[in-house]
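Okay, structure first, notes after.
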Amino acid sequence: MPNNLQDTITLNNGVKMPWLGLGVFQVEEGPELVNAVKTAIAHGYRSIDTAAIYGNEEGVGQGIKEGLKAAGITREDLFVTSKVWNADLGYEETLAAFETSLKKLDLDYLDLYLIHWPVEGKYQAAWKAMETLYHQRKIRAIGVSNFQVHHLESLMEQAEVKPVINQIEFHPRLTQLELRNYCREHDIQVEAWSPLMQGQLLNNEVLQEIGKKYNKSTAQVIIRWDLQNEIVTIPKSTKEQRIIENASVFDFELTEVEMKRISALNQDTRVGPDPDNFDF
Ligand SMILES: NC(=O)c1ccc[n+]([C@@H]2O[C@H](COP(=O)([O-])OP(=O)(O)OC[C@H]3O[C@@H](n4cnc5c(N)ncnc54)[C@H](OP(=O)(O)O)[C@@H]3O)[C@@H](O)[C@H]2O)c1
């Protein structure tokens, strides 16, 4: 269990990843994006999650550069994730997509590169390319996103390198127990996307009631619940006060009863697409 914003989990290949990071989905290129990344770094965040399809890797790169300088820290102090998009799943295509992402971010290496979605018939070849890049030390760790158990099983039949991470939609309305148990058994760390259900859970009465007890916001209660569930999490905000708020979760502890009450909010409902039924 992490004690502060910079605490890390050791992934199955020995690489250390911060438990809590900043997501930047749906943030367009421009000053708001650059400032969000800079602000997060200034307030102690050490992990940033982007993707090729977000179309914002250049601004993320600029925010990283400015943020590192202002904080007086180096590239090695930061953990940067990007993801290969569906159209680029293939051996040569994935190698090329990686180079494009790296160039846009203006970095020499990535800490984590993920297959964004498990497009049937395509992710195996992409994984080979990820393994090549990993062996070339251009990526410190490789993983997947939106993989169900059967996708992971199929990937691992041929894989030389096991994924370190499965980044999945996870929040109190979608607790993914079976998939989490499978990942735990196989030493694949689960990472939550849309941990705040894109804002849809913030008026939930159970979460508000629990928050009141600790003088914490609903967002803070959810993020704390992620961490106590041993799930890496990357809430997104571009607002300084919320960036600070979302990281102020290390000074209270949910009881076992509260953890269970929050998990009982599960309805298996998604804000994003179903990984077994998407057409992009
Ligand atoms: N792998 C995948 O397929 C996938 C899919 C989706 C997302 N992701 C990753 O996961 C990250 C997080 O998911 P997400 O961006 O979809 O949603 P999220 O983090 O669940 O929610 C973000 C929304 O909540 C608001 N918010 C954030 N903190 C708040 C607070 N303390 N109080 C009130 N509102 C708050 C944000 O608004 P403001 O910005 O206005 O504060 C934004 O509208 C993404 O940014 C992305 O990096 C990955």
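Here are some notes:
- Straight-line reach from Lys213: taking Cα to Cα under 30 Å and skipping same-chain neighbours fewer than 8 places apart, the lysines in range are Lys236, Lys239, Lys260.
- The mean sequence separation of alpha-carbon pairs under 8 Å and at least six residues apart, normalised by the residue count of the chain, gives a relative contact order of 19 percent.
- Listed by chain and number, the aspartates and glutamates whose C-alpha is less than 15 Å from the C-alpha of Lys103, apart from same-chain residues fewer than 8 away, are Glu57, Glu58, Asp111.
- For Gln189, the residues whose amide H sits under 5 Å from its own are Asn12, Ile165, Asn166, ignoring neighbours fewer than 5 places away on the same chain, with H placed 1.01 Å from N.
- Sorted by Cβ density within 10 Å, fewest first, the residues Thr50, Thr8: Thr8, Thr50
- Gain on full stretching of the segment that runs from Asn266 to Glu157 - 0.36 nm per residue minus C-alpha separation: 36.1 nm
- For the chain, Kirkwood radius (reciprocal of mean inverse C-alpha pair distance, Å): 18.9
- Taking 0.36 nm per residue of separation and subtracting the Cα-Cα distance, full extension of the segment from Gln26 to Val206 would add 62.0 nm.
- Counting DSSP beta bridges with both ends in the range 120-242, the antiparallel % (nearest 5): 10
- Set of lysines near Lys69 by C-alpha distance (under 16 Å), chain-local residues within fewer than 8 positions excluded: Lys38
- Packing order of peptides 173-181, 70-78, highest average first: 173-181, 70-78 (average count of other Cβ atoms within 10 Å over each peptide's residues).
- Magnitude of the charge dipole, the chain, Cβ model with Lys/Arg +1 and Asp/Glu -1, debye to 20: 680
- Ranked Thr81, Thr10, criterion: other C-beta atoms within 10 Å, fewest first: Thr10, Thr81
- For the range 207-224, 3J(HN,Hα) computed residue by residue from phi via the Karplus equation (6.51, -1.76, 1.60; θ = phi - 60°) reads 5, 5, 5, 5, x, 4, 4, 9, 6, 10, 7, 4, 4, 5, 4, 5, 5, 5 Hz, glycine and proline entered as x.
- Sites Asp279 and Val257, calculated FRET efficiency, Cβ-Cβ separation with R0 30 Å, nearest 0.05: 0.10
- Fraction of beta bridges assigned by DSSP in the chain that are antiparallel (%, nearest 5): 15
- Burial ordering of Lys162, Lys216, fewest other beta-carbon atoms within 10 Å first: Lys162, Lys216
- Label-to-label distance for Ile73 and Asn4 is 1.1 nm, based on points extended 7 Å past Cα in the beta-carbon direction.
None of the figures in this text is laboratory data; all of them are computed from the coordinates on show. Everything numeric here is computed off the predicted structure, so don't read it as measured data. Positions of Cβ are backbone-derived with ideal geometry, glycine not excepted, and every protein chain shown enters the neighbour counts.
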